[in-house]
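K.L.:
One structure, pasted below without further comment.
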Amino acid sequence: MTKLLTEAFEKASALPDELQDQLARELLEEIEWEASWDSTLESSQEKLDGLAEKALQEYRAGKTKEMGFDNL
C-alpha cells in the first residue's frame, strides 16, 4: 500500500462510522468501475483499431475535412 493511501485510511479511520462506510462504498464503486472500464477497453480494442484504420483511409482518400469544435 502506498504512503498516500495509508495516510488517507488513517485519516478516514478518525471519521464517524457512517462517513467511513460512505467512503468505503464510494471507493469500492470506483474500483469496480475502473475494472469494468479496463475490461471494456480490452474487449473493444480490435473494433477501435478497425474504426481508426477506416478513418485514416477516408482521410487519405480526401473524404474528410478539417473542422473545429464550433463546426460540429
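K.L.:
How far, in degrees from 0 to 90, does helix 3-12 lean away from the longest principal axis of the Cα atoms of the chain, to the nearest 10?
P.N.:
That works out to roughly 50 degrees.
K.L.:
Using the basic label-point model (7 angstrom from Cα toward the beta carbon), what is the residue 33 to residue 65 distance in nanometres?
P.N.:
3.8
K.L.:
Using the alpha-carbon atoms, what tilt in degrees (0 to 90, nearest 10) does helix 17-60 show relative to the longest principal axis of the chain?
P.N.:
It is inclined by approximately 10 degrees.
K.L.:
Roll a 1.4 angstrom probe over the protein heavy atoms and tell me the percent of accessible area of the chain that is carbon or sulfur.
P.N.:
56
K.L.:
Follow-up question, since we're still on this one. Which one, (i) 31, 17, 10; (ii) 39, 19, 10; (iii) 45, 16, 11, gives semi-axes √(5λ) of the Cα gyration tensor in Å as derived from the coordinates shown?
P.N.:
Here semi-axes √(5λ) of the Cα gyration tensor in Å agrees with entry (iii).
K.L.:
Positive end of the charge dipole of the chain (Lys, Arg +1 and Asp, Glu -1 on Cβ, about the Cα centre): tell me which of 51, 1, 23 has its Cα farthest that way.
P.N.:
The residue sitting most towards the positive pole is 51.
The values are calculated or read from the model by the stated rules, or taken from the named source; none is laboratory data. Here the structure is a predicted model, which is why all the values come from computation and not from measurement. Cβ: placed from backbone, ideal geometry, glycine included. Neighbour counts: every protein chain shown. Areas reflect the complete protein model, heavy atoms only, side chains present, ligands, DNA and RNA absent. Shrake-Rupley method; radii C 1.70, N 1.55, O 1.52, S 1.80 Å.
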